[in-house]
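Below you'll find the structure, written out as structure tokens, and then a few comments.
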């Protein structure tokens, strides 16, 4: 335990105050109470969190796929999807902005739940858990775009121009080989806005088609494309999804633009102590205070 945390606990013990709101982090296996009933309740809670995270990823894909135009995707979008998955149409937020998201997303989430026969878990006191899942999923989306958008974009260019086939056909280091890769570097700089040539008349029909395709979905930027993606990944999230569609359209090996990395989403889950003992373990405050020594000793 960190020295400052230990000192704080010691001061609270001297004041004879229960430390029910102490926040510690531990693995689930170390956190289980020595009681099978409590253990099962905690496992049930964890299972619901896993379930919501998994289905929120698929429901988001479903929404993007069937929305008439590419929708806005931000924290509010994911938060609303999680609430609707948890409670369905029984979720009635108070704020007008959240009501608007509910009205927008409810038909899509209902249709998704109907298709896969999803039963709403109806987790109570879910705000803290949903806030954490929302932040985790947004981080996941941003990191995924930052790490893979440029990689998949360059791979798409290589696939469309059959770079692998040209490597196999052209003699290594021959004049034709050097000319091809010189041309490839030039084309990539044009496709990715690194340079803007005075004329595009020298492009072949295939190259012109690819250029028009690329410029139709990549957002314009004054900065180098890789830099812009790193700085504002969500601005390129629609382009990333459209790139995934192009892979499928041309018969290339598909990739998921919205993957769910469980190790990132559920590496740990924050649970307020009051929510833990009242709504998950279903025990009284007096029992929780009796277990306080266990929490302090194990939740580190």
So how far apart, in nm, are the two label points at residue 111 and residue 89 if each is 7 Å from Cα heading toward Cβ? 1.6 nm
Residue 36 to residue 182: extension gain in nm, 0.36 nm per residue of separation minus the Cα-Cα distance? 45.8 nm
For residue 227 and residue 104 in the same chain, what is the full-extension length gain: residue separation times 0.36 nm, less their Cα-Cα distance, in nm? 40.9 nm
Ordering of 128-136, 207-215 by packing [mean C-beta count within 10 Å, highest first]: 128-136, 207-215
Kirkwood-based Rg over Rh for the range 145-249 (C-alpha set), two decimals? 0.98
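Rank these for me by crowding, 81, 157, 49, going from fewest to most other beta carbons within 10 Å.
157, 49, 81
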Which ordering of 253, 183, 102 is given by a fewest-first count of other beta-carbon atoms within 10 Å? 253, 183, 102
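Using the reciprocal of the averaged 1/r over all distinct C-alpha pairs, how large is the Kirkwood radius of the range 110-156 in Å?
13.6 Å
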Residue-span extension gain [residue 167 to residue 135] - 0.36 nm each, minus C-alpha spacing: 7.1 nm
Along each of the three principal axes of the Cα atoms of the range 67-171, give the extent in whole Å, ordering the values from largest to smallest. 67, 27, 24
Going by how many other Cβ atoms sit within 10 Å of their own, how do 119, 163 line up, fewest first? 119, 163
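Laboratory data are not the source of any read-out in this text; all were calculated from the coordinates shown. All figures in this text were calculated on a predicted structure; none of them were measured in a lab. Please note: Cβ atoms are built from the backbone with ideal geometry, for glycine as well, and neighbour counts cover all protein chains shown.
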